[in-house]
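The values are calculated or read from the model by the stated rules, or taken from the named source; none is laboratory data. These figures come from a predicted structure and were not determined experimentally. Don't worry about glycine lacking a Cβ; one is built from the backbone with ideal geometry, like all the others, and counts go over all protein chains shown. Accessible surface areas use protein heavy atoms only, side chains included; no ligands, DNA or RNA. Shrake-Rupley method; radii C 1.70, N 1.55, O 1.52, S 1.80 Å.
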Amino acid sequence: MGLTAGLTALGIFIIGGSEQAYWDWQLTHPYDLDINVKVLALDKDDHERDTIMALRDRGVKPVCYVSVGSWEEYRDDKDSFPEEVLGKPLGDWPDERYVDIRDDRVMKIMQARLQDCADRGFMAAELDNMDVFENDSGFDISEEAALTYVKNLAAYAHLLGLEVAQKNAPQLVPALVETMDFIMVEECYAYDFCDDLKPYTEAGKDVLAIEYDDADLDWDAICEDSKARGIKLLLKSHEITAGGKSCN
């Protein structure tokens, strides 16, 4: 039995193979937009409306990556942020800085990002870095302030016709599961918080999860566990390019 056949027998698909994986997440080159998936999460700034609408025409739901908790040096809107709303760098990402999500000017910039997602044809948005309140951001941001901010952004996205994904921040699940349409998480097995995602599966909402291929994990075991939990699991590299494995 070949490698691909053996993995398929286990319910594990090579992303980009002939079998349909439920979803994929591609934020950097090289991209493979011809893959057979139902949901595809992408960085909006690398894909024009024609590309996104072509995905929709194929029956793929495109999800728009938006960092709602950081300034990014490489974004076209980088000069829109006043210096006083920019905080400390994001750990391993020196070209990003936390932002003061309590400031109305930040809200307006993020609303513009969501509008751009809608204008490009995306059907949903993943709100990344919403956990600024639990990081060394340079600002005294409470969990309550973060919840207010995220819920207001979700309401705005819904007005634009976008579904909204919670991104990580598992401690916020009880407060957000009724507001959000689905959740996307990184490394719930590596950091042992998959149990915290149960409210989403109980509500019939997607849990889209990713583990990284440099983690010390038994992939076959967590694949089987994810299926029992109703989690749609991927195994990918930290570069988040095309490729990897999907456990359906």
Single condition residue 3 does not satisfy, out of (1) over 24 Å from residue 226 (Cβ atoms); (2) hydrophobic (A, V, I, L, M, F, W, C); (3) at pLDDT below 95
(1)
Filtering the stretch 167-181 for residues that are surrounded by 22 or more Cβ atoms within 10 Å (Cβ to Cβ) and not aliphatic (A, V, I, L, M) leaves a count of 1
Of residues in the stretch 53-74 being touching a helix residue (DSSP H, G or I) at 6+ places or on another chain (Cβ under 7 Å) and assigned to a loop (DSSP other than H, G, I, E, B), the one surrounded by the most Cβ atoms within 10 Å (Cβ to Cβ):
69
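The rows are residues; the columns are (1) more than 15 Å from residue 163 (Cβ to Cβ); (2) not small (Gly, Ala, Ser).
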{"position": "24", "(1), (2)": "yes, yes"}
{"position": "30", "(1), (2)": "yes, yes"}
{"position": "39", "(1), (2)": "no, yes"}
{"position": "66", "(1), (2)": "no, yes"}
{"position": "85", "(1), (2)": "yes, yes"}
{"position": "91", "(1), (2)": "yes, no"}
The residue from 136, 195 that alone is free of Cβ contacts under 8 Å to residues at least 24 places away in the same chain and over 25 Å from residue 19 (Cβ atoms) is 195
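Look through the stretch 188-207, keep the residues that are among the charged types (D, E, K, R) and surrounded by fewer than 15 Cβ atoms within 10 Å (Cβ to Cβ), and return whichever of them is farthest from residue 170 (Cα to Cα).
Within the stretch 188-207, the first condition is being among the charged types (D, E, K, R), and the residues that meet it are 192, 195-196, 198, 202, 205-206.
Within this subset, residues satisfying the condition of being surrounded by fewer than 15 Cβ atoms within 10 Å (Cβ to Cβ) are 192, 195, 202.
Values: 192: 11, 195: 9, 202: 15 Å.
Top of the filtered list is 202.
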Answer yes or no as to whether residue 131 is open to solvent by 10 Å² or more (accessible area, probe 1.4 Å), over 21 Å from residue 71 (Cβ atoms) and in contact (Cβ under 8 Å) with a residue 24 or more places away in the chain.
no
I'd like the full set of residues that are open to solvent by less than 20 Å² (accessible area, probe 1.4 Å) and in a helix (DSSP H, G or I), limited to the stretch 93-108.
106
1 or more residues of a type in the set (D, E, K, R): qualifying helices (runs of 4 or more DSSP H) within the stretch 143-231:
143-159, 198-202, 219-229
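What do you reckon, is residue 146 touching a residue at least 12 places away in the same chain (Cβ under 8 Å), out of contact with any Gly (no Cβ under 8 Å at 6 or more places or on another chain), farther than 22 Å from residue 22 by Cα and open to solvent by less than 50 Å² (accessible area, probe 1.4 Å)?
Numbers: touching a residue at least 12 places away in the same chain (Cβ under 8 Å): yes; out of contact with any Gly (no Cβ under 8 Å at 6 or more places or on another chain): yes; farther than 22 Å from residue 22 by Cα: yes; open to solvent by less than 50 Å² (accessible area, probe 1.4 Å): yes.
Considered against the rule, which asks whether it is touching a residue at least 12 places away in the same chain (Cβ under 8 Å), out of contact with any Gly (no Cβ under 8 Å at 6 or more places or on another chain), farther than 22 Å from residue 22 by Cα and open to solvent by less than 50 Å² (accessible area, probe 1.4 Å), residue 146 comes out as yes.
Based on what the data block shows, is residue 234 open to solvent by 70 Å² or more (accessible area, probe 1.4 Å) and under 29 Å from residue 120 (Cα atoms)?
Numbers: open to solvent by 70 Å² or more (accessible area, probe 1.4 Å): no; under 29 Å from residue 120 (Cα atoms): yes.
Against the criterion (open to solvent by 70 Å² or more (accessible area, probe 1.4 Å) and under 29 Å from residue 120 (Cα atoms)), residue 234 does not qualify.
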Could you list all residues from the stretch 13-50 that are polar (S, T, N, Q) and open to solvent by 50 Å² or more (accessible area, probe 1.4 Å)?
18, 20, 28, 36
In the stretch 150-166, the residues that are on the phi < 0 side of the Ramachandran plot, open to solvent by 10 Å² or more (accessible area, probe 1.4 Å) and in contact (Cβ under 8 Å) with a residue 40 or more places away in the chain
152, 156, 160, 163
Lone unmet requirement of (1) without any contact (Cβ under 8 Å) to a residue 40 or more places away in the chain; (2) under 22 Å from residue 134 (Cβ atoms); (3) buried (at least 21 other Cβ atoms within 10 Å of the Cβ) for residue 222:
(2)
